[in-house]
Amino acid sequence: MKKYDDLVAFIIENVGTKNNIQDVNHCMTRLRFSLKDDNLVNEKVILAHPQVITAQFSGGQYQIVIGTHVSEVFDELIVPLGLEKKNATAFNEETDKGLINRFIAIITKVITPTLGVLIGTSLVLGILSLLTTFNLTDSSKGEYIILSALGNALFTFFPIVLGYTSAKAFKTDGYIGMIIGATLVFPSLLTDLTSGDALYTLFNHTFLATPVYKTFFGLPIIFPTNGYTSTVIPIILAMFFISKIERKLNEIIPKTLRFTLVPMITLIIGIPATILLFGPIANFASALITAAINLVYGFSPSIAGFVIGLFYQPLVLLGLHWPVVAIGINNLATQGFDNLLPMIYTVPFAQMAVTFAVYIRTKNKKEKSVCVSSIVSTIFCIIEPAMYGVTLPVKKRFYISCLSSAFGGLIIALFSVRNYASTIGLFGIGGFINPKNGDYSNFLIAVMATIATLIVGFILGYLTYSETPNLKEERLDIQTEKKSII
């Protein structure tokens, strides 16, 4: 008998049985089901299960939040469903309806598999920054060189990794995806396509101005000055297109010739299309988004920080936060720093503060237990357990958490704080230290913003505390039973 057999059987039964499940995947805390008939879900029963934090329909899927052990449950879940992991996590174009829902589903399925190593390598860069700050090493030392290579490897070759995960998301050949990504970051490609005198400049005198140095059979090659190293969006767009090409080729090419011809023709079509079309589209889109953010930020950094900090948690609640994360990661990778992700750095600490206030005030042992595990999760920037298990059941707790993180985002924005590595959770705070010169001014502001968020969240959460409704009813029932016994 496996560890989660009972939970798996319970979930399958109450989402409408195996026959109602078209697709299933997971993120860091949630199982995400694409169902044939949403009306077959027995939500009241699911919500009552002690191992289920919450459940809801969002993004065209039915999401069941169970915690950070979700991958273990997922591995057991796909066995009775008769699914392989690669098929269970694949993007389902037919069941994910709506452009926004499909986009969110893609971003989730492409980036989620990388989060573990993304966080791990970011923490390595944070540690390296601390070592540099305290003069324990410098760029001339062997340990610095090795740790720097380790910390930057994923960002440097991100298109290769995302080529594989994108291919799996679009149900196509992962190795073709890796080759597409590898071509984008091929060492000499940037130099060869951007050297010499520019032939002409497209969109001259605008923020989209792009010099053209080479052409592809007369077509201008619009290649970014920093290349595609570490980028996110170009490879995702490319693999969506390439998956269509590969499927069509598999339909028209005889089976005996597919093994060689399909990869060759797919790559011959896909790579030029990526460099000539999808890369520039992504670059221009990124430029527009960056310009918009900079416009708001330039108009009022305080407004930008406050709004982003205020609405990020509702985005997480709706499963709409991945695009924000993707933009931040893309900025970090292409520019070497980012101003967006620092504005949401205090979000988990807002949840932590309110949850701790509830822990202090509540007399219910079950709720205290939930608070402890939720606080531990927020340390690693996983806010769903605290959000669904503690703050959302009493809406004002959630509002206080949003307000607290907005206050932290306001401080971050006012001081134009930058991060230089993915600043996720408590141990990611070292990412605010500039690894090139050891400057820790951003680090100090981030610490100040974090402390301010904790103070505001705790005080407001403590002063406005009221019991969780279902726990209050539970306590009244117990008291009634005691009286009846007496």
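Structure data summary
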{"quantity": "Residue, nearest to the chain's Cα centre (by Cα), within region 357-377, restricted to residues that are in contact (Cβ under 8 Å) with a residue 60 or more places away in the chain and within 19 Å of Gly67 (Cβ to Cβ)", "calculated": "Ser377"}
{"quantity": "Residue that is farthest from Ile412 (Cα to Cα), among those in region 294-320 that are modelled with pLDDT under 65 and surrounded by 15 or more Cβ atoms within 10 Å (Cβ to Cβ)", "calculated": "Gly319"}
{"quantity": "Conditions (1) free of Cβ contacts under 8 Å to residues at least 12 places away in the same chain; (2) under 17 Å from Phe432 (Cα atoms); (3) not hydrophobic (A, V, I, L, M, F, W, C): number failed by Tyr345", "calculated": "(1)"}
{"quantity": "Test: residue in region 139-151 that is more than 18 Å from Ile269 (Cβ to Cβ), in contact (Cβ under 8 Å) with a residue 24 or more places away in the chain and assigned by TED's automatic domain parsing to the domain that holds Ile245", "calculated": "no"}
{"quantity": "Leu410 being free of Cβ contacts under 8 Å to residues at least 24 places away in the same chain, assigned to a helix (DSSP H, G or I) and under 29 Å from Ala285 (Cβ atoms)", "calculated": "no"}
{"quantity": "Every residue from region 378-388 that is buried (at least 24 other Cβ atoms within 10 Å of the Cβ), over 20 Å from Leu463 (Cα atoms) and touching a helix residue (DSSP H, G or I) at 6+ places or on another chain (Cβ under 6 Å)", "calculated": "Thr378, Ile383, Pro385"}
{"quantity": "Residue count for region 144-173, restricted to those that are outside any helix (DSSP H, G or I) and not hydroxyl-bearing (Ser, Thr, Tyr)", "calculated": "4"}
{"quantity": "Test: residue in region 249-272 that is surrounded by 19 or more Cβ atoms within 10 Å (Cβ to Cβ), in contact with an Asp or Glu (Cβ under 6 Å, 6 or more places away or on another chain) and not in a loop (DSSP other than H, G, I, E, B)", "calculated": "yes"}
{"quantity": "Candidates Thr165, Thr132, Thr194, Thr137 - the one that is surrounded by 14 or more Cβ atoms within 10 Å (Cβ to Cβ), among the hydroxyl-bearing types (Ser, Thr, Tyr) and under 21 Å from Ser243 (Cα atoms)", "calculated": "Thr165"}
{"quantity": "Some residue of region 345-354 being among the aromatic types (Phe, Trp, Tyr) and assigned to a helix (DSSP H, G or I)", "calculated": "yes"}
{"quantity": "Residue identified as at pLDDT below 95, closer than 22 Å to Ala333 by Cβ and of a type in the set (A, V, I, L, M, F, W, C) among Ile424, Ile478, Ile382", "calculated": "Ile424"}
{"quantity": "Any hit, region 333-346, residues being more than 26 Å from Thr229 (Cα to Cα) and at pLDDT below 80", "calculated": "no"}
{"quantity": "Verdict on Ile176 being crowded, with 20+ Cβ neighbours inside 10 Å, of a type outside the set (S, T, N, Q) and in a loop (DSSP other than H, G, I, E, B)", "calculated": "no"}
{"quantity": "Filter pass, Gly389 being small (Gly, Ala, Ser) and either within 22 Å of Leu131 (Cβ to Cβ) or at pLDDT 95 or above (or both)", "calculated": "no"}
{"quantity": "Test result for Lys244, closer than 23 Å to Val262 by Cα and among the basic types (Lys, Arg)", "calculated": "yes"}
{"quantity": "Region 330-373 - residue that is hydroxyl-bearing (Ser, Thr, Tyr) and over 13 Å from Arg397 (Cβ atoms) and, of those, surrounded by the fewest Cβ atoms within 10 Å (Cβ to Cβ)", "calculated": "Ser369"}
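The values are calculated or read from the model by the stated rules, or taken from the named source; none is laboratory data. Source: prediction; values computed, not measured. A quick note on method: Cβ atoms are made from the backbone with ideal geometry, for glycine too, and the neighbour counts reach across all protein chains shown.
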